[in-house]
Amino acid sequence: MTDIVLVTYDWVPETPRGHVRDIRARWALEEAGLPYRVETTPFRERGPEHLSHQPFGQTPWLVDGDLSIFESGAMLLHLAERSEILMPTGRKARAEVKEWLFAALNSIEAATQHWTLLKMMGRDEANPAWAFIESFANTRLGRLEPVLAEREWLAGGFSVADIMMADVLRLVDRLAGLETLPACKAYVARATARPAFRKAYADQMAHFVAAEKGGLGM
C-alpha cells in the first residue's frame, strides 16, 4: 500500500502554529493508523505547482495514489471512507457523521471565523459590525451547546465529524469564546485529550519549530 502524503507549509509564523489545518488530516490519519508522510511546499512562494494542487494557494492537500485532494473537509471524508474507525459502515450512521462534519464547517466555522479573526487582530467594540459578528457567533454556539450537553460525541462513536468540530471549537476556546458554554468546552477537552490529537499537535508544532531553527522563517 502506498503511503498517503500530506502536504503543508514549510514554515508559518508563530501565532497560527498548532492551528494550521493540516492538523485535521494528521489527527484523522493518527486515529485510523493509516501510514503517511509529510511533505512541504514553500510558505512564501506559491507557484504553479502549488496552485495545481490547491487553487487558492493554501494548504494542506492530500495525495493518495493518483488522487490529489484539497480542502480539509474533503480530505477527512476521503480518509473516513478508508477507515471504519473514522466513520461507521451503516447507511444511517454514515449520514449522521457527514451532516455533522458539514455542520462544523458551514454552521459553526463559517459563523465563528470572522469573530476569531477580529479577536486576534484586536476588535473595535465601537464598530457596529463587531456586535453583529459576536451575536451571530454566539447564537450558533448557543445552539450547539445543548446538543453537546447530551452526548459524548456528535454521531455515536468518535468520528471525523468530531475531528472537524473539535478543531473548529478549539480556536474559539483559545480566544476565550467558550467560557459561558461548559458543554462545548468539555467537548473540546475530551477530544484534545485523545492520544491521536496529542500526537498530531506535537508533530505539527515540531515541524514548524524545526523550520524556524533551520532558518526558513528568517
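The values are calculated or read from the model by the stated rules, or taken from the named source; none is laboratory data. Fair warning: this is a prediction, and the values are worked out from it, not measured in the lab. Neighbour counts are summed over all protein chains in view; Cβ atoms, including those assigned to glycine, are modelled from backbone coordinates with ideal geometry. Surface accessibility is based on the protein's heavy atoms, side chains included, excluding ligands, DNA and RNA. Shrake-Rupley method; radii C 1.70, N 1.55, O 1.52, S 1.80 Å.
Odds and ends about this structure:
- Enumeration of residues in the stretch 1-19 that are surrounded by fewer than 18 Cβ atoms within 10 Å (Cβ to Cβ) and not charged (D, E, K, R): 1, 2, 5, 13, 15, 16, 18, 19
- Extreme residue, surrounded by the fewest Cβ atoms within 10 Å (Cβ to Cβ), among residues of the stretch 79-94 that are in contact with a Ser or Thr (Cβ under 8 Å, 6 or more places away or on another chain) and under 12 Å from residue 156 (Cβ atoms): 88
- In the stretch 62-93, the residues that are out of contact with any helix residue (DSSP H, G or I) (no Cβ under 7 Å at 6 or more places or on another chain) and of a type in the set (S, T, N, Q): 89
- Output for the stretch 31-78, where each listed residue is open to solvent by 60 Å² or more (accessible area, probe 1.4 Å) and farther than 20 Å from residue 204 by Cα: 45, 46, 48, 49, 51, 52, 55, 56, 66, 67
- Out of 167, 124, sole residue that is modelled with pLDDT under 95 and not polar (S, T, N, Q): 124
- Extreme residue, farthest from residue 95 (Cα to Cα), among residues of the stretch 157-204 that are among the aromatic types (Phe, Trp, Tyr) and surrounded by fewer than 20 Cβ atoms within 10 Å (Cβ to Cβ): 201
- Residue count, the stretch 116-133 (criterion: within 19 Å of residue 178 (Cβ to Cβ) and open to solvent by 70 Å² or more (accessible area, probe 1.4 Å)): 3
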